[in-house]
1. If you plug each phi of the range 162-177 into the Karplus form 6.51 cos²θ - 1.76 cosθ + 1.60 with θ = phi - 60°, what whole-Hz ³J(HN,Hα) values come out, in order, with x for Gly and Pro?
2. Treating the beta-carbon of each Lys and Arg as +1 and of each Asp and Glu as -1, no other charges, what is the dipole magnitude of the chain about its Cα centre, to the nearest 20 debye?
3. Let me check I've understood the local charge: for L282, count other residues with C-beta under 10 angstrom from its C-beta, Lys and Arg +1, Asp and Glu -1. What total comes out?
4. On a 0 to 90° scale, report how tilted helix 260-280 is relative to the longest principal axis of the chain, with both axes built from alpha carbons and the result rounded to the nearest 10.
5. For the chain, with the dipole built from +1 on Lys and Arg beta-carbon atoms and -1 on Asp and Glu ones, taken about the Cα centre, which of F166, F271, T141 lies farthest toward the positive end?
6. Whole Å is fine, so just give me how far the alpha carbon centre of the range 60-116 lies from that of the range 151-174.
7. Take the range 1-98, compute every pairwise Cα distance, and split them into 10 Å bins from 0; I just need the percent in each bin.
8. Can you list, by residue number, the Cys in the chain that have no neighbouring cysteine C-beta under 4.7 Å?
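Each value in this text was obtained by applying a stated rule to the coordinates, not by laboratory testing. Predicted model, so just to flag it, every value in this text is computed and none were measured. All Cβ positions, even for glycine, are placed from backbone atoms using ideal geometry, and neighbour counts span all protein chains on display.
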Amino acid sequence: MATELWYLFPVATAIATIAMASGVGGAIFFSPLFILVLGLDAQVAIGTALLTELFGFSSGLVAYFRSKLIDFKLGKDILKFSIPAAIIGTLVSSYVPSDFLKALFGIGILYIGIQIYRSYSKEVNEHKSGKNQLEKGNYETTLIDSRNQVYQYTYCNKPRARLFGFIGGAFVGLISVGLGELLDYHLVSKCKVPTPVAVGTAIFCVVITVLVASSGHFYEFFFNSQEGVIDQVVNVITFTIPGVLIGGQLGPRLQKILPEKYLKVGLSVLFAFIGILMLTILFI
């Protein structure tokens, strides 16, 4: 075991906490970390990030399940599209050059960051003008959590949600990220689904989809890769998996107390920074 990688434990804990609080895939942080800091090949980094994310999201899923904040009906509808797309993305990724994966990752993350900030700005403007007041009494779903908090909302524009599920699933298989981010954007910004429910449901979808995608990546890149790759992966996950298991429990608690506006602005800035950084290294 490479003990010099001990720092991955606190880093993984922090990443998983942020991911579980926001519904954003932890691989969005782990992939560039593994590529830029550890120097792993892009495909191996993506597969390792997916494997790490799977443990973290599974831990978070348990916490959201106990809190009764998962809309399983909504989640199952999206999974019908995200799972086949993840399989396609995983198969295609084995034929894509590493530099192209890095470029695609950078562009995708930069775009998501911009969209999150635009969504936040729109909500602020609507709040000031009073346009974000929802009509009461016409909700499709009523959900009561473990604290007896009542959430009422409507799963709107199902064709778009399914499209986002398909695109997000393909991105998960191809570059390890995308599904949670797109679902959060659609459910919270477009459908006005309460954030705790949207995050819990997005995590449910991501866990199942990542399970499919990570299985394909693990087989393709770890068992059919060059000698020494498995040792690299084991050294990394020895520290990251314990960290994400802890962060998976801390994130849902943080989500309850962290102001949503600060979370959105912070994530948008961070995503933009990661995207620009990934694109910059292609020219170095």
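1. For the range 162-177, the Karplus-derived couplings read 5, 5, 5, x, 5, 5, x, x, 5, 5, 4, x, 8, 10, 6, 9 Hz, x marking Gly and Pro.
2. The calculated dipole for the chain is roughly 1280 debye.
3. Values: positive: K102; negative: D99.
For residues surrounding L282, the net value is 0.
4. Tilt relative to the chain: about 30 degrees.
5. T141
6. So the separation of the two Cα centres works out to 10 Å.
7. Reading upward from the zero bin: 13, 39, 33, 14, 1.
8. C205
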